1. Which ones in the stretch 76-125 are touching a helix residue (DSSP H, G or I) at 6+ places or on another chain (Cβ under 7 Å) and not in a helix (DSSP H, G or I)?
2. Say whether the condition of being at pLDDT below 90 and within 25 Å of residue 20 (Cβ to Cβ) is met by at least one residue in the stretch 71-94.
3. Limited to the stretch 3-19, what total is found for residues that are without any contact (Cβ under 8 Å) to a residue 12 or more places away in the chain and closer than 15 Å to residue 57 by Cβ?
4. Can you spot a residue in the stretch 42-53 that is in the same structural domain as residue 71 (by TED's automatic domain parsing), under 24 Å from the mean Cα position of the chain (by Cα) and exposed (fewer than 14 other Cβ atoms within 10 Å of the Cβ)?
5. Filter the stretch 32-41 down to the residues that are exposed (fewer than 11 other Cβ atoms within 10 Å of the Cβ) and either in contact (Cβ under 8 Å) with a residue 12 or more places away in the chain or under 23 Å from the mean Cα position of the chain (by Cα) (or both) and list them by number.
6. From the residues in the stretch 67-109 that are closer than 30 Å to residue 44 by Cα and in contact (Cβ under 8 Å) with a residue 12 or more places away in the chain, which one is surrounded by the most Cβ atoms within 10 Å (Cβ to Cβ)?
7. Return the total of residues in the stretch 24-47 being touching a helix residue (DSSP H, G or I) at 6+ places or on another chain (Cβ under 6 Å) and over 18 Å from residue 71 (Cβ atoms).
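The values are calculated or read from the model by the stated rules, or taken from the named source; none is laboratory data. Fair warning: this is a prediction, and the values are worked out from it, not measured in the lab. Here the Cβ positions follow ideal geometry from the backbone for every residue, glycine too, while neighbour counts run over all protein chains shown.
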């Protein structure tokens, strides 16, 4: 085989892998879309299985903008969840709050006095 044979083989593999990545994104979008009914999901899946390249092209033209908007909304939701988690963790780092929750555990009998003293010393350290 010549250099150009390998080169074109590499190009076609790149195109094929790119096609598969886009196809998997479309399948994921179909299954994640809450507004699309089950019947329409089935229709899109059948179309993508019967005529994959044409079906993919039609899907991207017909629903591509919504696909991007749904992905953006999902990313914003994940970011908001991460921010809430960070705020929650940051809120727990307050020593007074840690001692207060440890005292509540002591009062309820969930921990012993020695465990409370250990948690209190960690919070004050």
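1. Within the stretch 76-125, 111 is the sole residue that qualifies.
2. No, there is no match, as no residue in the stretch 71-94 is at pLDDT below 90 and within 25 Å of residue 20 (Cβ to Cβ).
3. 2
4. Yes, the stretch 42-53 contains at least one residue that is in the same structural domain as residue 71 (by TED's automatic domain parsing), under 24 Å from the mean Cα position of the chain (by Cα) and exposed (fewer than 14 other Cβ atoms within 10 Å of the Cβ).
5. As a first pass, look at the stretch 32-41 and keep what is exposed (fewer than 11 other Cβ atoms within 10 Å of the Cβ): 34-35, 37-39.
Residues satisfying the conditions are 34, 35, 37, 38.
6. 67
7. Residues meeting the conditions: 1.
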